[in-house]
Amino acid sequence: AACGGDWWTYRKLSGGKMLLVVGDATGHGVHSAMIAGTARGAVEALAEVDERLLTPGQVLKAIDSAIRNVGDHHVMMTAFAASFDSATGALVYANAGQNFPYVMRMGPDRTLEDATIIAASGNPLGDRRAAMDVRHGQTQLHPGDLFVCFTDGLVERQNKTGKLFGDRRLR
C-alpha cells in the first residue's frame, strides 16, 4: 500500500464557527505521512489547549513549529487554514503555499457561477532556511456559495493514459 502527505481536518467551534485545515507534505511515502500526522496532531493539541487559539494564522504557526525540525529529512508542507462563521458568512483564512481554493457564487438564477480563486500563497511551512511566510485574508460567503479547497493530489491525479485531472476540470 502507498501512503503520502496529503491530509485535512475540520473542527466545529463554538458560536456556529468551523475550522478547516488542508495540508500536503512534500514527497511521498512513510516520512511524508508521518509529517502529515505530526501536523494534524499539532492542530488537535492546539484545540485541546484553548479553542480561541484556533485562528488560521495560529494554526499554521503551530504546524510550522511541529514539523520544522522533525527527523533528518527536510520535509516541508503546504497548508491552508480557514475559519468560517455561519452567522455572518465571514471566511478568514491563512495560506502557506497551498493550492488556491475556489469560491463559486450562487447566481441570481440559483445556479453556480464560474469559480474564482482566493489568491493568497505564502511559503511552505517547515522551511529550515527561512522564516515562516503566510498570507492572510478574509472573504464573505453568501447562502448557496460553494467553497472548494484541495491538495495537488487531486489536480495531479492521472488517468490510465497519463492525462492529469487538472485545475480546469476541477473548476
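The values are calculated or read from the model by the stated rules, or taken from the named source; none is laboratory data. Nothing here was measured: the structure is a model prediction, and the numbers come from that model. Virtual Cβ from ideal backbone geometry, glycine too; neighbours counted across all protein chains shown. Side chains included, ligands, DNA and RNA excluded: accessible areas come from the protein's heavy atoms. Shrake-Rupley method; radii C 1.70, N 1.55, O 1.52, S 1.80 Å.
Near residue 97, the amide H atoms lying under 5 Å from its own belong to 79, 122, 123, 135; only residues 5 or more places off or on other chains count, and H is placed 1.01 Å from N. Shown for segment 101-171: the carbon plus sulfur share of the solvent-accessible area, taken with all protein chains present and a 1.4 angstrom probe, equals 48%. Extension gain, residue 100 to residue 128, is 7.7 nm, computed as 0.36 nm per intervening residue step minus the present C-alpha separation.
Expressed as a fraction of 2.2 N^0.38 Å, the value expected for a compact globular protein of N residues, the C-alpha radius of gyration of segment 1-138 is 1.10. Note that segment 51-104 presents 39 Å² accessible area per residue, ligands and nucleic acids not counted, probe 1.4 Å. Taking a straight Cα-Cα cut-off under 26 Å and skipping sequence neighbours fewer than 8 places away in the same chain, the lysines within cross-link reach of residue 61 are 12, 17. Translational diffusion of segment 116-171 was estimated from the Stokes-Einstein equation, with Rh taken as the Kirkwood radius over Cα pairs; at 20 °C and 1.002 mPa s the coefficient is 149 µm²/s.
Estimated purely from DSSP H runs of n ≥ 4, each contributing -39500 (n - 2.57), the mean residue ellipticity at 222 nm for the chain is -7000 deg cm²/dmol once divided by its residues. Select from 112, 139, 39 the residue farthest towards the positive end of the dipole of segment 1-150; place +1 on Cβ of Lys and Arg, -1 on Cβ of Asp and Glu, and compute about the Cα centre. Result: 39, furthest along the dipole toward the positive end. Comparing Cα centroids, segment 72-109 and segment 1-45 end up 14 angstrom apart.
Here the simple spin-label model places points 7 Å from the Cα toward Cβ, and for residue 140 and residue 50 these points are separated by 3.1 nm. Extension gain, residue 69-residue 114: 0.36 nm per intervening residue step, less the Cα-Cα distance, totals 12.1 nm.
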